[in-house]
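Student: Dumping the structure here so I can ask a few things about it.
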Amino acid sequence: EVQLVESGGGLVQPGGSLTLSCAASGFTLSRYWMHWVRQDPEKGLVWVSRINYDGTNTNYADSVRGRFTISRDNAKNTLYLQMNSLRVEDTSVYYCGRDAAKVAAEDLDYMDLWGKGTTVTVSS
Amino acid sequence: DIQMTQSPSSVSASVGDRVTITCRASQTISSWLAWYQQKPGEAPKLLIYGSFILQSGVPSRFSGSGSGTDFTLTISSLQPEDFATYYCQQANSFPITFGPGTRLEIK
């Protein structure tokens, strides 16, 4: 079955760190750009970061740049999001998403496959 | 950043109705627009990309149109499973941004 499964969410204090994982199955992760998107009731859907097929090109939203790091291990079929210096406003459900480009290594910046999400709560 | 707005914010409709949702970008995005459907407790689902291209497996009652700054999503004949929240998303430039959503409710 083609799917993405996020893990690693939880409760963390402000200033703390957390690493999210996104396990891919049923497709070849190395062919795709991948994204992280977060969602909370106040701000809605917010794009966080993306990474190219081999991990050599990354982009971040201004709100997380310098604090979050996206990476991937294609041999393990896993995407990561290392989150440092967490703030209360980072509290959200975090989704990983596969880029919709059909041609290997290209990007469209739409997401055609999403995981079910993992919840991050930053609170003292 | 490109701001995305949607109207209406919510709409009530009946099974069989035709519904149109509008999305507007704060600057031109050519046809770099997608529509997603999200049901409570679920992840968003891609319906349409490139303004009008139907994602594989999505029923043909969904259609999209528009270019530049103004876009529409139309559901030609509402089915019970279509009641959900719909989001637009621009992919023209970074950062990628989403609209605030339109909640489609049963009348």
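Student: Please find the FRET efficiency linking B:SER56 to B:SER30, where r is the Cβ-Cβ separation and R0 is fixed at 30 Å, and quote it to the nearest 0.05.
Tutor: Details: r = 23 Å, r/R0 = 0.75.
E(calc), rounded to 0.05, equals 0.85.
Student: Turning to a different aspect of this structure: Measuring from centroid to centroid over Cα atoms, what is the spacing of the stretch B:21-49 and the stretch A:65-122 in Å?
Tutor: 19 Å
Student: Also: Give me a comma-separated list of calculated 3J(HN,Hα) values for the stretch A:98-103, in order, Karplus coefficients 6.51, -1.76, 1.60 applied at θ = phi - 60°, integers in Hz, x for any Gly or Pro.
Tutor: 8, 5, 7, 4, 8, 8
Student: For a footprinting-style exposure proxy, rank A:TRP36, B:TRP35, A:TRP114 by other Cβ within 10 Å, fewest first.
Tutor: Numbers: A:TRP36 27, B:TRP35 30, A:TRP114 23.
Arranged by neighbour count, lowest to highest, A:TRP36, B:TRP35, A:TRP114 become A:TRP114, A:TRP36, B:TRP35.
Student: How would A:MET34, B:MET4 line up from fewest to most surrounding beta-carbon atoms within 10 angstrom? Before the final figure, lay out the partial values.
Tutor: Details: A:MET34 25, B:MET4 21.
With the sparsest Cβ surroundings first, the list reads B:MET4, A:MET34.
Student: For B:PHE83, what residues show an amide H to amide H distance below 5 Å, using hydrogens built from the backbone and excluding near sequence neighbours?
Tutor: The list, which skips near neighbours in sequence, is empty: none.
Student: Evaluate E = 1/(1 + (r/R0)^6) for A:THR19 and A:ALA104, where r is the Cβ-Cβ distance and R0 equals 22 Å; express this FRET efficiency to the nearest 0.05. Let's see the in-between values first.
Tutor: Details: r = 27 Å, r/R0 = 1.24.
For R0 = 22 Å, the calculated efficiency reads 0.20.
Student: Calculate one ³J(HN,Hα) per residue across the stretch A:110-117 by plugging θ = phi - 60° into the Karplus curve 6.51 cos²θ - 1.76 cosθ + 1.60, and present them in order as whole Hz with x for glycine and proline.
Tutor: Residue by residue, the stretch A:110-117 yields 10, 10, 9, 9, 10, x, 7, x Hz.
Each value in this text was obtained by applying a stated rule to the coordinates, not by laboratory testing. The structure presented is a predicted model; accordingly, all values stated were derived computationally and were not measured. Reconstructed Cβ throughout: ideal geometry from the backbone, glycine too, with neighbour counts over all protein chains shown.
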